[in-house]
Amino acid sequence: MTKVSLLADYFVIMSAGSQRQIDAIVDAIDEKVKAAGGPIPRIEGTKDSKWLLMDYTDIVVHVFLPEERAFYNLEKLWSDAPLVDVSAWVQEA
């Protein structure tokens, strides 16, 4: 994002299949960041939101229900930003 926005260095954009999954994803991210000594995020949205945003200053995490992700289409809005493949960093639980 650094080439197209001053908001953050990275946007992480993902979908969750249900409200419970959004909550679980957000809780897991928060737990891992805290365990690594990372910053406390500013969170936009509530437990009932269809889109929850976690702002870690340099990294902003967006967790959507599929309908909301399609509606807001952040990938198109920020299409000038290069994509980063993180698949090598992700481990199956």
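Every number in this text was worked out from the coordinates using simple rules, so none of it is lab data. Note that the structure is predicted; figures quoted are calculated from it, not measured. Reconstructed Cβ throughout: ideal geometry from the backbone, glycine too, with neighbour counts over all protein chains shown.
Annotations for the structure displayed:
- Residue pairs meeting the criteria (Cβ under 6 Å; at least 6 apart or on separate chains; first farther than 16 Å from residue 90 by Cα, in the range 25-43; second among the hydroxyl-bearing types (Ser, Thr, Tyr)): 39/56; 41/56
- Number of residues in the range 55-66 that are closer than 12 Å to residue 14 by Cα and not β-branched (Val, Ile, Thr) equals 4.
- Among residues of the range 13-42, those that are aliphatic (A, V, I, L, M), exposed (fewer than 14 other Cβ atoms within 10 Å of the Cβ) and within 26 Å of residue 77 (Cα to Cα), counted: 1
- Qualifying positions in the range 45-64 - without any contact (Cβ under 8 Å) to a residue 24 or more places away in the chain and within 9 Å of the chain's Cα centre (by Cα): 53
- Residue count for the range 37-93, restricted to those that are more than 13 Å from residue 16 (Cα to Cα), assigned to a helix (DSSP H, G or I) and not aromatic (Phe, Trp, Tyr): 6
- Of all the residues in the range 43-68, those that are on the phi > 0 side of the Ramachandran plot and of a type in the set (S, T, N, Q) number 1.
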